[in-house]
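Structure, as structure tokens:
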Amino acid sequence: MNKNRCGWCVGNDLYEAYHDEEWGLPVYDDDTLFEFLILETFQAGLSWITILKKRENFRKAFDHFDYKKIANYTSDKVETLLQDKGIVRNRLKVNATITNAQAFMKIQEEYRSFSKYIWGFVDGKPIKNRLENYKNAPAHTPLSDAISKDLKKRGFKFVGSTVIYAHMQATGMVNDHEVSCFRYQEV
């Protein structure tokens, strides 16, 4: 059966599977929220398909996104990561991942979970937009601007408003599926 999907994913099996199974599905689990946050920071300046293709390599290289381990990475681990051809080898982003893991845990201490913190910006419920065409989705919004500003104040790196809006879309804080997409009503 042919399903009507958002135009951005059509024609690529990896993109379609990600779209159908993950993108826009509300995520309340801290581990998954952290994984998406890190993947989004590595995506900055690159295409999402590049990151998706390397996702399993990222998982292996970064201890399955175990933020407690990542927060304690040493300079030797950073150098090892920078030699790993399976990931995006960018020193600033690798170092930001360590910094972000530390900041992530501080938010957990303050709010009991990162999920409570981040979902608090939308009162725990997804914002449901009504996009006719994915090309009309904003790159950022006043809300993503505010979240970005707050995260930066808390020490996070590579969390500009565009990265945060992409994170909000991926983790279902905002439903930007096209209204004609079969997932629009499902999520």
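The values are calculated or read from the model by the stated rules, or taken from the named source; none is laboratory data. Remember, predicted model here, so these are calculated numbers, not experimental data. Cβ coordinates were reconstructed from backbone atoms using ideal geometry, including for glycine residues, and neighbour counts include every protein chain displayed. When the accessible area is computed, the model is the full protein with side chains, heavy atoms only, and any ligands, DNA or RNA have been set aside. Shrake-Rupley method; radii C 1.70, N 1.55, O 1.52, S 1.80 Å.
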- What list of ³J(HN,Hα) couplings, whole Hz, do you get for segment 28-43 from phi and the Karplus terms 6.51, -1.76, 1.60, once you set θ to phi - 60° and write x for glycine and proline? 10, 8, 4, 4, 6, 4, 5, 4, 5, 4, 5, 4, 5, 5, 6, 6
- Protection-proxy order for peptides 66-78, 27-39, each taking the mean of Cβ atoms within 10 Å per residue, highest first: 27-39, 66-78
- May I ask you to give the percent of accessible area on segment 143-187 that is carbon plus sulfur, with a probe radius of 1.4 Å? 52
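Would you work out what percent of the accessible area of segment 13-98, with all protein chains in place, is carbon or sulfur (probe 1.4 Å)?
Roughly 48 percent of what the probe reaches on segment 13-98 is carbon or sulfur.
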- Note on the structure: Descending packing, highest mean Cβ count within 10 Å first, for 166-172, 140-146, 129-135, 178-184 is 166-172, 178-184, 140-146, 129-135
- Message: Given a Förster distance of 25 Å, report the FRET efficiency between N72 and T50 from their Cβ-Cβ distance, rounded to the nearest 0.05.
- Response: 0.35
- Item | Charge dipole (the chain, unit charges on Cβ, about Cα centre) - positive-most of Y73, F36, S144 | Y73
- Query: In degrees between 0 and 90, to the nearest 10, how far off the longest principal axis of the chain does helix 142-153 point, with axes built from Cα atoms?
  - Reply: 10
- Task: Enter the Cα centre distance for the pair segment 111-183 and segment 1-66, rounded to the nearest angstrom.
- Result: 15
- Can you give the charge dipole size of the chain about its Cα centre, rounded to the nearest 20 debye, using +1 on the beta carbon of Lys and Arg and -1 on the beta carbon of Asp and Glu? 520
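222 nm [θ] for the chain, helices only, -39500 (n - 2.57) per DSSP H run of 4+, per residue, to 500?
Helix-only estimate at 222 nm: -16500 deg cm²/dmol.
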- Give the label of the value calculated from the structure for Kirkwood radius over Cα pairs in Å, choosing from (1) 17.0; (2) 21.3; (3) 19.0. (1)
- What whole-number value in Å² describes the accessible area per residue of segment 62-155 for a 1.4 Å probe? 59
- Item | segment 7-49 - charge dipole about Cα centre, Lys and Arg +1 at Cβ, Asp and Glu -1, debye rounded to 20 | 260
